[in-house]
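Note sheet for the following structure.
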Amino acid sequence: MIPVKAHWEVPLMRTAGRLLAEAIAEVRAHVAVGVTPRELDRIFEQAIAARGARSAFKGYDTGAGPFPATICASRNEQVVHGIPDDRPLNDGDLISLDFGLEYGGYFADSAFSMGVGTVTPKVQRLLDITEKSLYKAISLAVPGARIGDLGHSVQSLCESEGFGVVRDLVGHGIGRRMHEPPSVPNFGKRGTGVPLKPGVCLAIEPMITMGDYRTRTLKDGWTVVTTDGSFAAHFEHTVLITENGPEILTAPLR
Ligand code: MG
Ligand code: MG
């Protein structure tokens, strides 16, 4: 069974999502050549502390030991789960930043990738298509749709561009825990998987590579990289399925 949010839980999920979007906007404004991922981590930590929230990532342990930072910062061939360090961002880097918080017992999860300074046209294409694949999948997250519809959509768009779709990591349900059922793969068949209904909340997160889709984890136990060294991009939103369609709880502030 996939968890369905009760009527009274929806405002709490909305608040968690909005606070996360606000904090992400603060970090995003600071991404530039010469800035270090550790500086971005501090900005996020302060931004959520000021809002009474806590990082969902710091201390998270999957067996590799507690994650040491409040954000994940993954550069170039790093796909996800990179640990923020003191190496300044360079012109031409692709940086993927992933953020999660808990507020009042509810979780929100969102990520974006961007080019630092000037990136090559191919890297920009990877960024554009990965983001587009997220929004396309979100548009399909309506009552009656199946989980496989979302993955099929991401996979067909990204593979038609010659990009790779990461298989080892997937999106997930989210709510009172950071990771809840169901799994939300970025690949699959239309009309398969669990059906969506109002109150289901998903973290949808395409992870797309410029080359082969295979990944491996570095010795730090966290950082996931492409095996062929090709660049990767990652975009994510926390999305609530409602009677009226998808509601992006972590929608960027306008
Ligand atoms: Mg995330
Ligand atoms: Mg996630």
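The values are calculated or read from the model by the stated rules, or taken from the named source; none is laboratory data. It should be emphasised that the depicted structure is a prediction, and the values quoted were computed from it without experimental measurement. Glycine also receives a Cβ, built like all others from the backbone with ideal geometry; neighbour counts cover every protein chain displayed. Only protein heavy atoms, including side chains, enter the accessible area calculation; ligands, DNA and RNA are left aside. Shrake-Rupley method; radii C 1.70, N 1.55, O 1.52, S 1.80 Å.
If you go through region 102-113, how many residues are more than 12 Å from ligand 2 (Cβ to nearest atom) and not hydroxyl-bearing (Ser, Thr, Tyr)? First the steps, then the outcome.
We begin by selecting, within region 102-113, every residue more than 12 Å from ligand 2 (Cβ to nearest atom); these are 102-106, 112-113.
Subset that is not hydroxyl-bearing (Ser, Thr, Tyr): 102, 104-105, 112.
Here the count works out to 4.
Looking at PRO206 and the list (1) under 18 Å from LYS136 (Cα atoms); (2) within 13 Å of ligand 1 (Cβ to nearest atom); (3) open to solvent by 10 Å² or more (accessible area, probe 1.4 Å), which single condition is not satisfied?
(3)
Could you pull out every one of the strands (runs of 3 or more DSSP E) wholly within region 33-117 that has 3 or more residues that are more than 15 Å from GLY221 (Cα to Cα), modelled with pLDDT of 95 or more and open to solvent by less than 10 Å² (accessible area, probe 1.4 Å)? Show your work before the answer.
Working: elements: 71-75, 78-80, 94-103, 106-115.
Once the strands (runs of 3 or more DSSP E) in region 33-117 are filtered for at least 3 residues that are more than 15 Å from GLY221 (Cα to Cα), modelled with pLDDT of 95 or more and open to solvent by less than 10 Å² (accessible area, probe 1.4 Å), what remains is 94-103, 106-115.
Report, by residue number, each residue of region 174-191 that is open to solvent by 60 Å² or more (accessible area, probe 1.4 Å) and either more than 23 Å from GLN155 (Cβ to Cβ) or among the hydroxyl-bearing types (Ser, Thr, Tyr) (or both).
ARG176, ARG177, SER183
For ASP168, work out the one condition from (1) touching a residue at least 12 places away in the same chain (Cβ under 8 Å); (2) more than 16 Å from ligand 1 (Cβ to nearest atom); (3) open to solvent by 10 Å² or more (accessible area, probe 1.4 Å) it doesn't fulfil.
(2)
When you go through ASP228, ASP168 one by one, which is the residue that is assigned to a loop (DSSP other than H, G, I, E, B), within 16 Å of ligand 2 (Cβ to nearest atom) and among the charged types (D, E, K, R)? It would help to see each step written out before you state the result.
Values: ASP228 fails: within 16 Å of ligand 2 (Cβ to nearest atom).
Going through ASP228, ASP168 in turn, just one is assigned to a loop (DSSP other than H, G, I, E, B), within 16 Å of ligand 2 (Cβ to nearest atom) and among the charged types (D, E, K, R): ASP168.
Go through (1) farther than 17 Å from VAL31 by Cβ; (2) without any contact (Cβ under 8 Å) to a residue 40 or more places away in the chain; (3) among the basic types (Lys, Arg) and name the single condition ARG51 misses.
So ARG51 meets the others, but not (2).
Taking ARG51 and the conditions (1) closer than 15 Å to PHE99 by Cα; (2) among the basic types (Lys, Arg); (3) out of contact with any helix residue (DSSP H, G or I) (no Cβ under 9 Å at 6 or more places or on another chain), which numbered condition does it fall short on, given that it satisfies the others?
Unmet for ARG51, out of (1) closer than 15 Å to PHE99 by Cα; (2) among the basic types (Lys, Arg); (3) out of contact with any helix residue (DSSP H, G or I) (no Cβ under 9 Å at 6 or more places or on another chain): (3).
Check off (1) under 29 Å from PRO84 (Cα atoms); (2) of a type in the set (A, V, I, L, M); (3) open to solvent by less than 10 Å² (accessible area, probe 1.4 Å) for VAL200 and give me the number that stays unchecked.
The number of the failed condition is (1).
Checking the condition touching a residue at least 12 places away in the same chain (Cβ under 8 Å) and out of contact with any strand residue (DSSP E or B) (no Cβ under 6 Å at 6 or more places or on another chain), which residue from ALA69, ALA73 passes?
On the way: ALA73 fails: out of contact with any strand residue (DSSP E or B) (no Cβ under 6 Å at 6 or more places or on another chain).
That would be ALA69, the only listed residue that is touching a residue at least 12 places away in the same chain (Cβ under 8 Å) and out of contact with any strand residue (DSSP E or B) (no Cβ under 6 Å at 6 or more places or on another chain).
Would you confirm whether any residue within region 107-115 is within 13 Å of ligand 1 (Cβ to nearest atom) and charged (D, E, K, R)?
Yes, that holds for at least one residue.
Collect the residues in region 136-170 that are under 16 Å from PRO246 (Cβ atoms) and hydroxyl-bearing (Ser, Thr, Tyr), keeping them in residue-number order.
Kept after step one, since they are under 16 Å from PRO246 (Cβ atoms), are these residues of region 136-170: 136-147, 149-151, 153-154.
Those that are under 16 Å from PRO246 (Cβ atoms) and hydroxyl-bearing (Ser, Thr, Tyr): SER139, SER153.
Condition first: more than 19 Å from the chain's Cα centre (by Cα) and of a type in the set (A, V, I, L, M). Can you find one or more residues in region 203-214 that meet it? Give the derivation first.
Going residue by residue through region 203-214, those that are more than 19 Å from the chain's Cα centre (by Cα) are 211-212.
Filter once more, so that each one left must be of a type in the set (A, V, I, L, M): none.
No, that holds for no residue.
Need pairs with beta-carbon distance below 9 Å; first residue more than 14 Å from ALA137 (Cα to Cα) and open to solvent by less than 10 Å² (accessible area, probe 1.4 Å) and within region 224-253, second more than 16 Å from ligand 2 (Cβ to nearest atom) and aromatic (Phe, Trp, Tyr); sequence gap 6+ or separate chains.
THR226/TYR213; ALA233/PHE163
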